[in-house]
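So the structure is just underneath, and the comments pick up after that.
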Amino acid sequence: LFEPAVFHRRPRVATPFRHPAMSGEAVRWGILGTADIATKFCHGATFAPSSVVVAVGSRSLDKAKAFVEAHAPGATAYDSYDAVLADPQVEAIYIPLPTALRKEWVLKAARAKKHVDCEKPLGHTFQDAVDCIQACRDAGVQWMDNTMLMHHPRQAEMKELLQRGELGRIKHVVSSFSLPCGNWEEWASSNIRMNAKTEPLGCLGDLGWYCTRITLWAYDWELPQDVSCHFLELTDDGVPVTAHALLRYSDGRSATFDCSFKCSLRQWAEVVGEKRTMTWDDLCIPQSLEATKYTVAEATIAERGITFPKIFSEDHHCAACVQHGRLIENLSTIIRSGQLDETWAEKSLLTQRVVIACYTSGNVGGSWVRPSDVGGQ
């Protein structure tokens, strides 16, 4: 019927990020905790010209000092989180604490009039997320969750392509995010992600969050009508280790995702239109700092159905960046502008709502749950 044609665009040269014009000096950041994930924030901050880490708190002063020396030279080390919030130099707070502690410290940060960048999920329930974001709204401070992929320039470019209708009407979104760490005995027995007291949502909250976010992004932030989720593996105390979910939208549209702590490292997504597909195989973390890409393709059925060739396949190469730094820079720009951006809170609430709906469904054997009905459970 058609002969396949494959096109490859030449890679774009990565260019330094030129942040929007800002008034005043760099935003001064404090960090609550010295977990490994906090080192990523410090590294990202070095790529954000409008930001500087000035304070780090830990329950151990020695740990705080060691962290500062290694990752945030010049910052003040404190022996408590409260001390960081009390520091008048600190304008914004990064909260990498376990899920079980996040709500408490978001509320305290908001009361201290500090802007907030919080890890996800935002709590054990949807109501936890509502309380966190309402506290920030009441205090007049900016809220953002630390979903860094949203700040990569590739995301905006792919969104433009979807909005132009190049795939046709969107019918399905597929995504996967898995890590093999749960197969390692030491990690499985000691990591907080496998502990019901610290991270009860397990792989669903840690990895499924990104799959949920990309689904909502692809469907222009429309909630699915209902979801069904199955926990295929659990820890002895009920933490999801492997989960598969189906999200059902109106008019025959849908999404599926799987997430696991016991499968090889995979992080990919596909947006399926009536005409073409868009795929990328580094959903959450780029494979390279040199360049990133996504692929748009269309296939057909050859004569007598002997082959199903691609009649169109185009790799779109995008400028690279340290997306963790871009998130910090974008948030700092909002803070310095004095104009708070409510859309980040709305995206957080939508994602938390769907994740909790999936968690609720998984706990009742995959029964359908409507995200719109999710409350404080």
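Given their separation in residues at 0.36 nm each and the Cα-Cα distance between them, SER288 and GLU222 gain 20.6 nm when the chain is fully extended. Temperature 37 °C, viscosity 0.692 mPa s: under these conditions the Stokes-Einstein estimate for the stretch 45-99, based on its Kirkwood radius over C-alpha pairs, is 284 µm² per second.
Taken about its Cα centre, the stretch 132-200 carries a charge dipole of about 340 debye when Lys and Arg each add +1 at the Cβ and Asp and Glu each add -1 at the Cβ.
Considering only alpha-carbon pairs that sit under 8 angstrom and 6 or more positions apart, the relative contact order computed for the stretch 17-169 is 18 percent. Taking the DSSP beta bridges with both ends in the chain, the antiparallel portion is around 55 percent. Applying 1/(1 + (r/R0)^6) with R0 = 30 Å to the Cβ-Cβ distance of LYS197 and ALA70 gives a FRET efficiency near 0.55. Convert 4 °C to kelvin, take the viscosity as 1.567 mPa s, use the Kirkwood radius over C-alpha pairs of the chain as Rh, and evaluate the Stokes-Einstein diffusion coefficient in µm²/s, rounded to a whole number. In µm²/s, the coefficient is 60.
Along the Cα-to-Cβ line of ASN363, 7 Å from the Cα, sits a label point; which residues in the stretch 230-270 have backbone N less than 15 Å from it? In the stretch 230-270, the label zone of ASN363 (backbone N under 15 Å from the point 7 Å along Cα→Cβ) covers 230-231, 235, 237-241. Exceedance of the 31 Å cut-off in Cα-Cα distance is limited, within the set LYS171/LYS262; LYS40/LYS275; LYS40/LYS159; LYS40/LYS293; LYS159/LYS197; LYS262/LYS347, to LYS40/LYS275; LYS159/LYS197.
Evaluated with a Cβ-only charge set (Lys, Arg +1; Asp, Glu -1), the chain carries a dipole of roughly 560 debye about its Cα centre, given to the nearest 20. Using the average count of surrounding beta-carbon atoms within 10 Å as a protection proxy, the listed peptides 40-53, 277-290 rank, highest first, as 40-53, 277-290.
In the stretch 321-377, carbon and sulfur make up what percent of the accessible area (probe 1.4 Å)? Roughly 49 percent of what the probe reaches on the stretch 321-377 is carbon or sulfur. Of the GluC sites (Glu not before Pro) in the stretch 153-238, the ones in a loop by DSSP (not H, G, I, E or B) with at most 15 other beta carbons within 10 Å are GLU166, GLU222.
Over the stretch 286-372, the Kirkwood radius and the radius of gyration, each from Cα atoms, give a ratio Rg/Rh of 1.18. Taking chymotrypsin sites (Phe, Trp or Tyr not before Pro) across the stretch 175-241, the ones in a DSSP loop with at most 16 further Cβ atoms lying within 10 angstrom of their Cβ are TRP184, TRP221.
Site pair THR46 and ILE301 shows an inter-label distance of 5.6 nm when each label is modelled 7 Å from Cα along Cα→Cβ.
The values are calculated or read from the model by the stated rules, or taken from the named source; none is laboratory data. Computed from a prediction, not measured in an experiment: that's the story for all the values here. Cβ sites come from the backbone with ideal geometry, for glycine too, and all protein chains shown count toward neighbours. Please note that ligands, DNA and RNA were not included when accessible areas were found on the heavy atoms of the full protein model with its side chains. Shrake-Rupley method; radii C 1.70, N 1.55, O 1.52, S 1.80 Å.
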